[in-house]
Amino acid sequence: MAKTFNVAVAGATGAVGQTMIRVLEERDFPVGEIRFLASERSEGKELSFKTEKVRVRKLDHDSFDGIDIAIFSAGGDRSLTFAPSAARAGAVVVDNSNAWRMDPEVPLVVPEVNPHAVSGYKAKGIIANPNCSTIQMVVALKPLYDYARIKRVVVSTYQAVSGSGKKAIDELKDQVKAWAEDRIPEARVYPHQIAFNCLPHIDVFLDNGYTREEMKMVNETRKILEDPEIRVSATAVRVPVFYSHSEAVNVEFEKEISASKARELFSNAPGIKVVDDLPRNVYPLALDAEGQDLTLVGRIREDISQANGLDFWVVADNIRKGAATNAVQIAELLAEKYL
């Protein structure tokens, strides 16, 4: 009989939590018992898993007896509070928040990039899921890094409102409707109208002028690629798109790499689909990435402003590969090699 694992999903009623449940189903993860956890507001609700209805339990310190893998998407504060309890109960935590990412004793994992890092879970019983915008970028950077070693990355992100949750999705819908009805759109989630606009402001501004979101990309990229010398500069922009983040990435390498070589490396790398046929107007689009788990790469070209440079465009579904799917892939590595 094939081995199964008891799995808890903390934050099961949220957008990412519900997607985690769907991804567990789609990828046929070997689940024995499934346990859905959420705040007391959601206690008693029923969610579907395959053919059964599962009642949501309140997330607390005693929620994890008998659980092998606990996948968290409950927010940073709840992760800080409850992830150690899950680990003490014997579960391995895969956490989607920012709470543990830069802890030196917690591995930060993208399975296509640094699967070996999963083994570091034994220090605290926790593995961190990176920021959504970091995940898709490092998936694309990894094959290039292995070939030509990266010196510097300049990235501008164009991030969907779903990265801010359901209230932001509803706000964009409401503002578009208000505009169509010749009413003044109301901004509640964001400091300015997001419909038909671009906001160069994601998360809080720091003393260095960057936002916390931008510095996540700096620090997480270095940790995942295990190279503290990589120079990274990021500008994160919120755009009026519902799902999928897009990124313009400029990379400087230690040695020459042509666009054709990069295209070959991308084509042979796990988790990447090259979408790059300019005469036919084919390049990665947010609408095309929505609902799938591949990272789409296109507009691949040599940087005409400097030697050993490339530019390319990267798009991925921020709720799936940028969060839920990456977490389930980490759980798969745990199940296959460590538990």
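For every residue, the table says whether it meets (1) within 30 Å of Lys255 (Cα to Cα); (2) in contact with a Phe, Trp or Tyr (Cβ under 6 Å, 6 or more places away or on another chain); (3) in the same structural domain as Ser258 (by TED's automatic domain parsing).
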{"residue": "Ser156", "(1), (2), (3)": "yes, no, yes"}
{"residue": "Ser162", "(1), (2), (3)": "no, yes, yes"}
{"residue": "Ala168", "(1), (2), (3)": "no, no, yes"}
{"residue": "Asp174", "(1), (2), (3)": "no, no, yes"}
{"residue": "Arg183", "(1), (2), (3)": "no, no, yes"}
{"residue": "Ala187", "(1), (2), (3)": "no, no, yes"}
{"residue": "Pro191", "(1), (2), (3)": "no, no, yes"}
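I need the full set of residues from the stretch 276-292 which are buried (at least 20 other Cβ atoms within 10 Å of the Cβ) and either more than 17 Å from the chain's Cα centre (by Cα) or among the acidic types (Asp, Glu) (or both), in order please.
Filtering the stretch 276-292 down to residues buried (at least 20 other Cβ atoms within 10 Å of the Cβ) leaves 276, 284, 286, 289.
Passing the criteria: Asp276, Pro284.
Counting only strands (runs of 3 or more DSSP E) that fall entirely inside the stretch 49-117 and contain at least 3 residues that are at pLDDT 95 or above and under 13 Å from Ala331 (Cα atoms), the qualifying elements are 69-72, 92-95. Confirm whether Gly75 is surrounded by fewer than 19 Cβ atoms within 10 Å (Cβ to Cβ), outside the structural domain of Glu226 (by TED's automatic domain parsing) and touching a residue at least 24 places away in the same chain (Cβ under 8 Å). Answer is yes for this residue.
Restricting attention to the stretch 214-237, the residues that are touching a helix residue (DSSP H, G or I) at 6+ places or on another chain (Cβ under 7 Å) and not polar (S, T, N, Q) total 10.
Evaluation of Glu46 against the conditions (1) modelled with pLDDT of 95 or more; (2) at negative phi shows that the sole unmet condition is (1).
Considering (1) in the same structural domain as Gly17 (by TED's automatic domain parsing); (2) surrounded by 21 or more Cβ atoms within 10 Å (Cβ to Cβ), the lone condition that Glu332 does not fulfil carries the number (2).
When restricted to residues that are assigned to a loop (DSSP other than H, G, I, E, B) and within 17 Å of Pro111 (Cβ to Cβ), the stretch 283-299 contains 3.
Of all the residues in the stretch 1-20, those that are β-branched (Val, Ile, Thr), buried (at least 24 other Cβ atoms within 10 Å of the Cβ) and part of a helix (DSSP H, G or I) number 1.
Residue count for the stretch 238-275 satisfying the condition of being within 22 Å of Ile150 (Cβ to Cβ), under 23 Å from the mean Cα position of the chain (by Cα) and either of a type in the set (D, E, K, R) or outside the structural domain of Asp311 (by TED's automatic domain parsing) (or both): 2.
Within the stretch 153-172, identify whether any single residue is under 20 Å from Arg263 (Cβ atoms), at pLDDT 95 or above and either loosely packed, with under 15 Cβ neighbours inside 10 Å or among the aliphatic types (A, V, I, L, M) (or both), and answer yes or no.
Filtering the stretch 153-172 down to residues under 20 Å from Arg263 (Cβ atoms) leaves 153, 155.
Filter again for at pLDDT 95 or above, leaving 153, 155.
Adding the requirement that they be either loosely packed, with under 15 Cβ neighbours inside 10 Å or among the aliphatic types (A, V, I, L, M) (or both) leaves 153, 155.
Looking for residues that are under 20 Å from Arg263 (Cβ atoms), at pLDDT 95 or above and either loosely packed, with under 15 Cβ neighbours inside 10 Å or among the aliphatic types (A, V, I, L, M) (or both), one finds at least one in the stretch 153-172, hence yes.
Among the residues of the stretch 59-104, count how many are of a type in the set (Ser, Thr, Tyr) and under 11 Å from Ala128 (Cβ atoms). Write out each step before concluding.
Taking the stretch 59-104 and keeping what is of a type in the set (Ser, Thr, Tyr), we get 63, 73, 79, 81, 85, 97.
Then keep just the ones that are under 11 Å from Ala128 (Cβ atoms); that gives 79, 97.
Of the residues in that region, 2 qualify.
State the number of residues belonging to the stretch 302-319 that are assigned to a loop (DSSP other than H, G, I, E, B) and either without any contact (Cβ under 8 Å) to a residue 40 or more places away in the chain or out of contact with any helix residue (DSSP H, G or I) (no Cβ under 6 Å at 6 or more places or on another chain) (or both).
Within the stretch 302-319, the subset assigned to a loop (DSSP other than H, G, I, E, B) is 303-308, 317-319.
Next cut, either without any contact (Cβ under 8 Å) to a residue 40 or more places away in the chain or out of contact with any helix residue (DSSP H, G or I) (no Cβ under 6 Å at 6 or more places or on another chain) (or both) only: 303-308.
Of the residues in the stretch 302-319, 6 are assigned to a loop (DSSP other than H, G, I, E, B) and either without any contact (Cβ under 8 Å) to a residue 40 or more places away in the chain or out of contact with any helix residue (DSSP H, G or I) (no Cβ under 6 Å at 6 or more places or on another chain) (or both).
Would the stretch 110-131 turn up any residue that is assigned by TED's automatic domain parsing to the domain that holds Ala74, in contact (Cβ under 8 Å) with a residue 12 or more places away in the chain and among the basic types (Lys, Arg)? Scanning the stretch 110-131, I find at least one residue that is assigned by TED's automatic domain parsing to the domain that holds Ala74, in contact (Cβ under 8 Å) with a residue 12 or more places away in the chain and among the basic types (Lys, Arg), so the answer is yes. All conditions but one from (1) more than 23 Å from the chain's Cα centre (by Cα); (2) over 30 Å from Glu213 (Cα atoms); (3) touching a residue at least 12 places away in the same chain (Cβ under 8 Å) apply to Glu25; the one that does not is (1).
The values are calculated or read from the model by the stated rules, or taken from the named source; none is laboratory data. In this text the structure is predicted, and so the values were computed from the model without any measurement. Here the Cβ is made from the backbone with ideal geometry for all residues, glycine too, and neighbour counts use every protein chain on show.
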